[in-house]
Structures are given as structure tokens and as C-alpha cells.
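Working notes, beginning with the structure itself.
The values are calculated or read from the model by the stated rules, or taken from the named source; none is laboratory data. These figures come from a predicted structure and were not determined experimentally. Here the Cβ positions follow ideal geometry from the backbone for every residue, glycine too, while neighbour counts run over all protein chains shown. Protein only, heavy atoms only, side chains kept; ligands, DNA and RNA dropped before computing areas. Shrake-Rupley method; radii C 1.70, N 1.55, O 1.52, S 1.80 Å.
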Amino acid sequence: MLEIVLKGHESYYALADVVRLFFPSPAEDRENGKVFCAGAPDFLIESELLPSGRSVCRVNGKEYYFAGPAEEASREVKRSLYMALTDLTGIRPPWGCLTGIRPTLVALQTDSAEDLSERYLVRPDKAALALKTGREEVRILEKISPQDINIYIGIPFCPSRCEYCSFVSSDISFHMGRLKEYKEHLIKEIRLLSPGIKRRISSLYVGGGTPTVFDDDDFRDLIDAVYENLAVDKDCEVTVEAGRPDTITENKLKAMASHGIKRICINPQTMNDETLAKLNRRHTSADTVRAIEEARQTGFSVINADMIAGLKYETAKDFIDTAEKMIALGLENITVHTLYKKRRAAMSLADVMTDDPAGEVDKAVSAVYGMLEDAGYRPYYMYKQKDTGHGLENTGFEKGGTACLYNVAMMTDARDVLSFGAGGMSKRVFEQVDTAKYRVERCSSSKDVLDYMMRTEEIARKKADFFGL
Ligand code: SF4
């Protein structure tokens, strides 16, 4: 078991975050002043914050400390622990001791890839990517007025549950009879809140789950209700995350096109049919190609596709092959995700992830980034998740100035978002003039579909109060 004894500080959380880069499920023992990790090899580490503000980690008679400029206490202790664990394990997580979900924010604060790399021990290619992407985020945010609002409409249902899924979505086999009812409650919530929305809507995103899981009529009802009740003007960016290609029909595409919707996400995750079957996704790569062709014929001009690195059943070659096929399809947006899980997911991280002692996934992700940039794509938003497999990030790429404003508004936590439906998180953002950072207040809906339907009016009232509608 790995044990870290804290001395002169109480940065339990920061230490656990660094341990998580190397080993799963670290825990805190505040009574005995320790962070420990039962599944890790036997190491006893002392993490001390010295009166000088510098931190040192001691293990096996060696001391690890950083000689460059000092950082705040929690960063100091993270940095020295990262150095110790890197030396002890031979593993070098690419983002160094940066454990937050927004590496672009830290990159913008340092404003130098070299500085980011040096101060946070971030690998130089990741530091350069973070800075480039962060600058793109800033440029895109300028297109979204802080006075405007951004809207999310959540459909937490899918036709089947992907093996790796960690979202709150429900396999419709559990709630098949409730899908229509959910739609009605969603429309009810939209009707309750829409009269109070006096702000311009910059972007509207219908996400999931799989919003196209509805049958043709219910899907049209929902899209019609959105346009009847919300002031979506011609400059508002509207995106529908169709998700599973097998749920996309001509009628659903026409329902969207009839309102002028031009942006759609068709997400195969992989173009390898064997993997798709093993993941319980119940569609093929041919379904993806068909759905993309139909969307093009219906007039969709911006198509996004998501792909995932590190799936258990795939080699690096399979992942690169998926990227090649997606690029060949001429998609405007490609989002590269790295597999991650939360505790909700049915399988353990080890069950779902590939064994990757040689860092093949990391190399494949870098190779795909290079392929995308060579094909004219630019990274425009990025985030990390705590349990991300292989210590990697998620990055959205676009070409031809087709970046999704909603994604940037949402992921940067820099613009207000009003969410409708179960599981959505609404947020209000307050700019802090003195620090140039944002303070975010959040208002959650119910994650449980049945609870959401029972309390739709109460939940709507809570959001109305939150936004002052
Ligand atoms: S499509 Fe997405 S939300 Fe739905 S089950 Fe798969 S991973 Fe989960």
C-alpha cells in the first residue's frame, strides 16, 4: 500500500489528485494525517511543506523538491509528490502535476508554453496544445456576449447503454414507456420558463444521451416546441446531438432542417464494427456513413463526430484508422475523447481500459492530433476529467471557422447556461474584475428522470429564482 504522511500542511485533496494520476482510488485518512492507496505498491512517503513555503517529499532515503520559482502551498506539495512518484514508478503523466479539468486556463495565466512546461512539469507538446487551444477559446468566447444566455436541453436516454458509459443516461429498455412522458415534462418546463427569458440566446444545444432516441413524431414535437417557445433567432447557434447513427431517420433530419438547424453531432466513437458490437452500441460504421450522407443531403453544413481513445478492445492502429475514416468523411468538427469513467459505470477502470504500459494510447492520440492539424483542423476547446484513462485530455477540433460556441461557453465556465431536463446543470457566471477569473454559481436539476418528472414545476421554479426570470 502507498502511504503519504503529511507534515506542515493539510493538502490532502491535492495529494490525492496527484496519486490518482498513477494509481486508482486514493483515500484520505485525516485522523492519522495520511493519504493512502490500497491498490498501489508499498511506498511510504513523507510530504512536508517547509516554513520557507517550499515542499519536499522524502522516500527511500531520497528527497524530491523543485528548485524553480515557488508556487502556492497546494501546488508545491503536488509538484514534489509528482516528482517522487514519477521516479518511483517510471510513469510520467503528460500533464505533469496539473490535475484540474481546465489546463487551458492555467496555460493562459502563464501565457508561455515553456513556462507551463517548466513550472508544472507538463510535457512540452501538451503545454503547447493547451496554450494554443486556450487562445482559441478566448477568441471564440468574444463571439458570445456575457449578457446573452446559452441553453441546454437534455435527453438522458439511449437505445442501449455503452459498456463504458458514465453519464446519467438511461437505457430506454428501463424507461421505454416513459420516453413520451419525459418529452411532455421537458416541454412543460420549457413553457414554464420561456416567458421569463428576456436575454438573447447565443447558443442552444440539444444533448444527451441520445436526443434522436425519440420516435419521429415525438422528436418533431420536441423540436417544434423549442422553436415555438424560445426566441431562437437566425444568428443563434443551434446544435442537436443525434449521437447514435442508428437513431437518425429522414423524418428527424427534416424536422430539424425545417427550423433551419444546420449543426448536428453524429457520434460513432469508433469506426471499427467489432468494437462497436462489443461496446453494446448496436450500430455499425456503415450506419454512421449513411447518417452523415443523409444529413448532408438534408442540408446540414456542420457535422461533428466524437471518437474515443483507449477503448479496451482497440489497438492504437484501430484508433488511427477511425481518425483516417472520419477525416476522409470531410467532417467539420471532430472531437477526440479519452476514455474515462465515474464510479457509476458498470465496470471498473481496469476492466474498461486497455493495458497500455508502453503509452501507445498517448502516442496514438498525439498522432491523430497531427493528422487532424495536417488536414486543416484546429483545436478549439479542451477539458480533462479526473479519472481520465492514461492521464489524457479531451479536445475538440474544427475546420473552416465552424467551432461550436456552446461547447466553449459550457466548458470554459465563462458564460451563463440555462439547462432544461433531468441531469442538466445551470450556471451563472460572474466576472471577477480584479482577478480576471470567473466566479460560477450552479443550480442543479434532478439527475433522476422519474424524480424530474414528479417535480418538474418545482425544479422550474428553482431555476427561475436562480436566474431571476
Ligand atoms: S451514447 Fe453516450 S450517453 Fe448514451 S449510453 Fe453511450 S456513452 Fe452513455
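Taking Cα centroids, how far is segment 415-468 from segment 176-228 in Å?
Segment 415-468 and segment 176-228 have Cα centres spaced 17 Å from each other.
Please calculate how many Å² of accessible area the chain carries per residue, with a 1.4 Å probe and no DNA, RNA or ligand atoms counted.
Roughly 42 Å² per residue, with all protein chains present.
In straight Cα distance, which aspartates and glutamates are under 18 Å from K62, not counting same-chain residues fewer than 8 positions off?
E3, D42, E46, E48, E76, D87
Short version: ³J(HN,Hα) in whole Hz for each residue of segment 180-185, in order, from phi by Karplus 6.51 cos²θ - 1.76 cosθ + 1.60 (θ = phi - 60°), x for Gly and Pro, what are they?
Couplings: 4, 5, 4, 4, 5, 5 Hz.
Tilt of helix 360-374 relative to the longest C-alpha principal axis of the chain, in degrees (0 to 90, nearest 10)?
For 360-374 against the chain, the angle is about 50 degrees.
Per 0.36 nm of contour for each residue apart, how much would the distance between E63 and K437 grow if the chain were fully extended, relative to their Cα-Cα spacing?
Extra length from E63 to K437 when fully extended: 131.1 nm.
Can you pull the accessible area of D111 for me, 1.4 Å probe, Å² to the nearest 10?
The accessible area comes out at roughly 90 Å².
Normalised by the number of residues in the chain, what is the relative contact order in percent for Cα pairs under 8 Å and 6+ residues apart?
14 percent
Quick one: net charge of N272's neighbours, Cβ under 15 Å, K/R +1, D/E -1?
Net charge around N272: -3.
Pick out, from A84, V59, P26, the residue whose Cα sits farthest towards the positive end of the charge dipole of segment 2-92, with +1 on the Cβ of Lys and Arg and -1 on the Cβ of Asp and Glu.
A84
Suppose every K and R has +1 on its Cβ and every D and E has -1 on its Cβ; what is the size of the dipole of the chain about the Cα centre, in Debye to the nearest 20?
The calculated dipole for the chain is roughly 720 debye.
Can you compute the FRET efficiency between K234 and N32 using 1/(1 + (r/R0)^6), with r the Cβ-Cβ distance and R0 = 56 Å? Round to the nearest 0.05.
After rounding, the FRET efficiency stands at 0.35.
To the nearest 20 Debye, how big is the dipole of segment 2-92 about its Cα centre, given +1 on the beta carbon of each Lys and Arg and -1 on that of each Asp and Glu?
Values: 11 positive and 14 negative charges, 50 e Å.
Dipole about the Cα centre, nearest 20: 240 debye.
Rounded to the nearest percent, how much of the accessible area of the chain (1.4 Å probe, protein heavy atoms only) is carbon and sulfur? Don't jump to the answer; show the numbers that get you there.
On the way: 10050 of 19740 Å².
That share works out to 51 percent.
What value, in deg cm²/dmol to 500, does the helix sum -39500 (n - 2.57) over DSSP H runs of n ≥ 4 give at 222 nm once divided by the residues of the chain?
-11500 deg cm²/dmol
Treating the beta-carbon of each Lys and Arg as +1 and of each Asp and Glu as -1, no other charges, what is the dipole magnitude of segment 118-240 about its Cα centre, to the nearest 20 debye?
Computed charge dipole of segment 118-240: roughly 600 debye.
Sum up the charges of everything whose Cβ sits under 10 Å from the Cβ of V417, counting Lys and Arg as +1 and Asp and Glu as -1, but leave V417 out.
Net charge in that neighbourhood comes out at +2.
Sort D125, D148 by accessible area with a 1.4 Å probe, largest first. Each step should come with its number before you reach the end.
Numbers: D125 70, D148 20 Å².
From most exposed to least exposed: D125, D148.
Picking from G376, Y12, I153, whose Cα lies most toward the positive end of the charge dipole for the chain (charges on Cβ: Lys, Arg +1; Asp, Glu -1)?
Towards the positive end, the residue furthest out is I153.
By the scheme Lys and Arg +1, Asp and Glu -1, what is the net charge of all other residues having a beta-carbon under 12 Å from that of K126?
Net of charged neighbours comes to +1.
Past 19 Å, Cα to Cα, is the threshold; run K7/K34; K363/K384; K132/K386 against it and keep the listed order.
Numbers: K7/K34 9 Å; K363/K384 17 Å; K132/K386 22 Å.
Cα-Cα > 19 Å for K132/K386; rest within.
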